[in-house]
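Quick notes on the structure that follows.
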Amino acid sequence: MNCYEHTIITKSDLSENQSKKLIEKYENIIKKNNGKIIKIENWGLRVLSLKIKNNKKGFYHHFKFEGDGNAISELEKEESIDETLLRFLTIKVKSHDLKTVYFEKKES
């Protein structure tokens with residue numbers, strides 16, 4: 001099985017409950033296609049550098065998982081018709097970096 005990192009950007013007006021359901025939906029698609037979730041990171045609300053579908057902000061969610069091409073094709077097929085998503089990106093990596101936290105919340 002190959003290692004993948006997958007990031008989705010959702011609309012900023014989603015409720016927390018809607019966001020959880022969306023994450024569960026894509027998590028289940030990966031699992032149904034013989035994928036294995038390693039880690040899911042919620043990077044939070046971020047300002048977009050450019051407007052995407054008239055949105056200035058979006059919630060970022062990042063999946064680290066192992067799977068095959070079938071899991072990727074099913075995942076991206078489902079995401080391409082989802083109205084709540086602004087963008088998605090999947091990349092193949094050699095191994096998962098589980099130590100680095102890129103968008104860690106800093107305490108003041």
Next item on the list: Among what's in region 75-108 and is within 22 Å of Asp13 (Cβ to Cβ) and at pLDDT below 90, pick the residue that is nearest to the chain's Cα centre (by Cα).
Entry: Phe103
Next item on the list: Run Asn17 past the list (1) in a helix (DSSP H, G or I); (2) under 14 Å from the mean Cα position of the chain (by Cα) and report the number of the one that doesn't hold.
Entry: (2)
Margin query: I'd like to verify a number: residues in region 1-55 that are among the polar types (S, T, N, Q) and open to solvent by 100 Å² or more (accessible area, probe 1.4 Å), how many?
Written below: 4
Note to self: of a type outside the set (S, T, N, Q), without any contact (Cβ under 8 Å) to a residue 24 or more places away in the chain and touching a Ser or Thr at 6+ places or on another chain (Cβ under 9 Å): is that true of Glu83 in this structure?
What the structure shows: no
Notebook entry, point to check: Residues of region 52-80 being of a type in the set (Val, Ile, Thr) and part of a helix (DSSP H, G or I), which ones?
Noted result: Ile72
Next item on the list: Working only within region 29-51, note down all residues that are more than 21 Å from Asp13 (Cβ to Cβ) and in a strand (DSSP E or B).
Entry: Lys36, Ile37, Ile38, Lys39, Ile40, Glu41
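Do we have Leu22 as assigned to a strand (DSSP E or B) and in contact (Cβ under 8 Å) with a residue 24 or more places away in the chain here? Explain how you work it out, then say what you get.
Numbers: assigned to a strand (DSSP E or B): no; in contact (Cβ under 8 Å) with a residue 24 or more places away in the chain: yes.
It is false that Leu22 is assigned to a strand (DSSP E or B) and in contact (Cβ under 8 Å) with a residue 24 or more places away in the chain.
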Note to self: Need pairs with beta-carbon distance below 9 Å; first residue on the phi < 0 side of the Ramachandran plot and within region 31-42, second among the β-branched types (Val, Ile, Thr) and surrounded by fewer than 13 Cβ atoms within 10 Å (Cβ to Cβ); sequence gap 6+ or separate chains.
What the structure shows: Glu41/Val101
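The values are calculated or read from the model by the stated rules, or taken from the named source; none is laboratory data. Just so we're clear, the structure is a prediction, and the values are computed from it rather than from any experiment. Note that each Cβ is placed from the backbone with ideal geometry, even for glycine, and that neighbours are counted across all protein chains shown. The accessibility values were calculated without ligands, DNA or RNA, using every heavy atom of the protein model including side chains. Shrake-Rupley method; radii C 1.70, N 1.55, O 1.52, S 1.80 Å.
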